[in-house]
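J.: Here it is: the structure, laid out below.
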Amino acid sequence: MTRKVSLIAILLSFGLSSINAEEVLRGDANGDGEVSISDVQVILNHHFRELTSPCVDAFDVNDDGVSWANDAWDLAFYLLGSGDPPSEPFPSRGEAADPACESFNPIPPLEDEIAAVNLLDISMESSGKAFIQIEIQHSTSLGSFHFKIEDPGQILRVSEGDEISPLDYSGLLDMKFIRSSEGDLLVVGVVGALYEQFLPASPDPQLILEIPVCIESGVELGTYPLRITDAEFSDFETGASIYPQTRDGFVEVEHTVPTFCYPVLPKQVTYELEGASASPGEDITIAFKVRSTTAFQILWFGIDFDEDFLEVTGFDRVYERPDGQAFEIEAVDFYNERETLGLVPPDAVVESALGGVFMISDPFQTQVRFPISEEFTLANIHFRVKDTAPMGTQTEIKFKSGVPARSRPLNRVCTPDVRGCVQLYEWKNEISAGIQRLNIETADSFVTLPGVLKIIADQSFFIRGDSNRDFQVDLSDAIHVLSGLFTGEYLRCPDASDANDDSKIDLTDAIVILENLFLEGSRAFPQPFPAAGEDPTTDDLRCAEGREGVTEGKSRF
């Protein structure tokens, strides 16, 4: 068994006393000179347990002026490879603006003689599937831990996602992540410790994680090493770093590996907006549907539409929590005109947009999640087609990330107990479970399907006698009426086919059309004629289809 030499901790502890209190490293919440998983724990301790007096410049990872739980999440995302780095000063120290940083007391690393991360040897199945098993032991209660599994032979294949199985701590280790980094490095991080949750002291090695993997096809029979690197525990009470001993393991490849082996299903997420047809001035409802092959608790969305054609009039959430309780966070924002929002650069103009975020449950307190592998309608979006929208055209209502939130420079929405908040800088299309984020960049398949709106003429807008709806009255209209009467042919516009406006369609209507075509002095068609318009007579006849291109004006008759 190898051990990380305790000299590292001694040197770090020695170095703490020499840190200039007027300088700060963004994200280094425990002040040990490094940005790591323990800093996430310190920020959580401050926010949820009020155990520390923060140096805001160190705790405020995203540099929005305050220290919130969001800073812990942002830092965790960064450390696990799926988020942005802390704002400056980072990665080098810089001048601190917060006077509290002058009296900030660093938290030195904590010695734990028994702390260890053990990688058990792996035996593969004939299918090529295998499981990486991890043991840990520690003498203190842990709030978080982090380590990497190095695969120097590049023999393992994994799917990114939440397939890590925490053993014996069901419901506690809800933040989990596994990813493949350039094919040869598996990064594993687990963060618990919210709301007084922690991993209790475990003096004896305890199996805690089981990770499904596949052996790459073509790997020769033999023994291949795996190594634990960059291991760190975080003490629950103080947030101090603990550097555990590590034990490496081996993979025994005893069978010829098959060509296909899938350790887990690929991640697939679909956002879809239904299409529709509508007339100028008409109100329409567009369904927003979601499907995901992985569980998630938070859903973000951003939608773009053309303000020359449409305006949003409302947004109704359709999906309800299975237990009937309220959503933890539910925020929707929209604006219908081009607006100046005080962005960078100053006075930047943004287009109309719609965005929102829904947190169905606290990801770290309950197991209530959105449906898995089941399409559901999240909401109905209500639009109004503008009166000036040109008929015969179509426009897309599409998902778009980077749509700015209207409240600037920052809009913060929190859970009812104010323990969890989201920052609404901009809307995005993304789902998340714990610290796992799935979007177009991270999911195997994150598909967004736009809704296409066809703008048509009002269904009651027609020219009397224009039975076949070709925008002129001629012999073909009389034939169309006769075909409808005697062969059952589909009448495209029954209201226009009622040539004498007696609220019924019969042989007389075909005769009236023929008389007007071939007999001089025949009576004129009833209104609307010769200009297109609405039927002045109240009856049950309607036009069966929209009439792209019909405008108020003369027919060709």
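J.: Modelled label-to-label distance, Thr223 and Glu252, 7 Å Cα→beta-carbon offset: nm?
T.: 1.0 nm
J.: Next question, about the same structure. Say each of Glu88 and Ala524 gets a label point 7 Å from the Cα, pointing the same way as Cα to Cβ; how far apart are those two points in nm?
T.: Using points 7 Å along Cα→Cβ, the separation is 7.7 nm.
J.: Calculate, for segment 72-144, the solvent-accessible area per residue in square angstrom, rolling a 1.4 angstrom probe over the heavy atoms of the protein chains. Before the final figure, lay out each step's value.
T.: Working: 3260 Å² over 73 residues.
Averaged over the residues of segment 72-144, the accessible area is 45 Å².
J.: Ignoring everything but the protein chains, give the 1.4 Å probe accessible area of Glu216 in square angstrom, nearest 10.
T.: It works out to around 60 Å².
J.: Would you check the accessible area of Glu330, probe 1.4 Å, heavy atoms only, in square angstrom rounded to 10?
T.: 90 Å²
J.: Tabulate in residue order the Karplus-calculated ³J(HN,Hα) for segment 525-538, using 6.51 cos²θ - 1.76 cosθ + 1.60 with θ = phi - 60°, rounded to whole Hz; enter x for Gly and Pro.
T.: 4, x, 5, x, 5, x, 7, 5, x, 9, 6, x, 9, 7
J.: Report the calculated FRET efficiency for Thr487 and Thr285 (r = Cβ-Cβ distance, R0 = 41 Å), to the nearest 0.05.
T.: Numbers: r = 37 Å, r/R0 = 0.91.
That pair, Thr487 with Thr285, gives E of 0.65.
J.: Right, another one. Taking a 31 Å limit on the Cα-Cα distance, which of the listed pairs Lys386/Lys428; Lys129/Lys398; Lys148/Lys267; Lys289/Lys454; Lys400/Lys454 fall beyond it? Spell out each step's value before the answer.
T.: Values: Lys386/Lys428 27 Å; Lys129/Lys398 40 Å; Lys148/Lys267 22 Å; Lys289/Lys454 20 Å; Lys400/Lys454 20 Å.
Check vs 31 Å cut-off fails for Lys129/Lys398.
J.: Amide H of Phe198 versus every other amide H placed in the peptide plane: which residues, excluding those fewer than 5 positions away on the same chain, fall under 5 Å?
T.: Here the answer is Ala193, since their amide H atoms fall under 5 Å of that of Phe198.
J.: Which residues does the label zone of Glu515 cover in segment 463-495, counting backbone N under 19 Å from a point 7 Å along Cα→Cβ?
T.: 464-467, 473-482
J.: Ordered by residue, what ³J(HN,Hα) values in Hz, to whole numbers, does segment 449-455 give under the Karplus form 6.51 cos²θ - 1.76 cosθ + 1.60, where θ = phi - 60° and Gly and Pro are x?
T.: Residue by residue, segment 449-455 yields 10, x, x, 9, 9, 8, 9 Hz.
J.: OK, next. Starting from the Cα-Cα distance between Ile114 and Glu150, subtract it from 0.36 nm times their residue separation and give me the gain in nm to one decimal. Mind showing how you got there, number by number?
T.: Working: separation 36, 0.36 × 36 = 12.96 nm, distance 2.27 nm.
Fully extending the segment from Ile114 to Glu150 adds 10.7 nm.
J.: Also: Report, by chain and number, residues whose modeled amide H sits under 5 Å from the one on Val117, excluding near sequence neighbours (fewer than 5 apart, same chain).
T.: Placed amide hydrogens put Gln245, Thr246, Arg247 under 5 Å from Val117.
J.: Still on this structure, please answer the following. Largest first and to the nearest Å, give the Cα extent of segment 468-548 along each principal axis.
T.: Computed over segment 468-548, the largest-to-smallest principal extents equal 32, 29, 24 Å.
J.: Enter the accessible area per residue of segment 501-546 (Å², integer; probe 1.4 Å; all protein chains in place). Each step should come with its number before you reach the end.
T.: Values: 2730 Å² over 46 residues.
In whole numbers, segment 501-546 has 59 Å² accessible per residue.
J.: I want to check the label-to-label distance for Ser123 and Asp502. Put each point 7 Å from Cα in the C-beta direction and report it in nm to one decimal.
T.: So the two model labels end up 9.2 nm from each other.
J.: Apply the Karplus parameterisation 6.51 cos²θ - 1.76 cosθ + 1.60, with θ equal to phi minus 60°, to every residue of segment 473-484 and state each ³J(HN,Hα) to the nearest whole Hz, in sequence, with x for glycine and proline.
T.: Calculated HN-Hα couplings, in order: 9, 8, 4, 4, 5, 5, 4, 4, 5, 4, 5, x Hz.
J.: For a quick check: with amide H placed at 1.01 Å from N, whose amide H comes under 5 Å from Leu449's, ignoring anything fewer than 5 positions away on the same chain?
T.: Excluding prolines and chain starts, which carry no amide H, the hits are Tyr271, Glu272, Leu273.
J.: Using a Förster distance of 45 Å, how high is the FRET efficiency between Asn105 and Glu337, based on the Cβ-Cβ distance and rounded to 0.05? Don't jump to the answer; show the numbers that get you there.
T.: Details: r = 52 Å, r/R0 = 1.15.
Approximately 0.30, to the nearest 0.05.
J.: Sort Asp535, Asp204, Asp498 from largest to smallest accessible area, using a 1.4 Å probe on the heavy atoms of the protein chains.
T.: Numbers: Asp535 30, Asp204 110, Asp498 0 Å².
Most to least solvent-accessible, the answer reads Asp204, Asp535, Asp498.
J.: Please report, as a whole percent, how much of the solvent-accessible surface of segment 44-114 comes from carbon and sulfur atoms (probe radius 1.4 Å).
T.: Values: 1640 of 3400 Å².
About 48 percent, which is the carbon plus sulfur part of the accessible surface.
The values are calculated or read from the model by the stated rules, or taken from the named source; none is laboratory data. Computed from a predicted structure; not experimentally measured. Virtual Cβ from ideal backbone geometry, glycine too; neighbours counted across all protein chains shown. Surface accessibility is based on the protein's heavy atoms, side chains included, excluding ligands, DNA and RNA. Shrake-Rupley method; radii C 1.70, N 1.55, O 1.52, S 1.80 Å.
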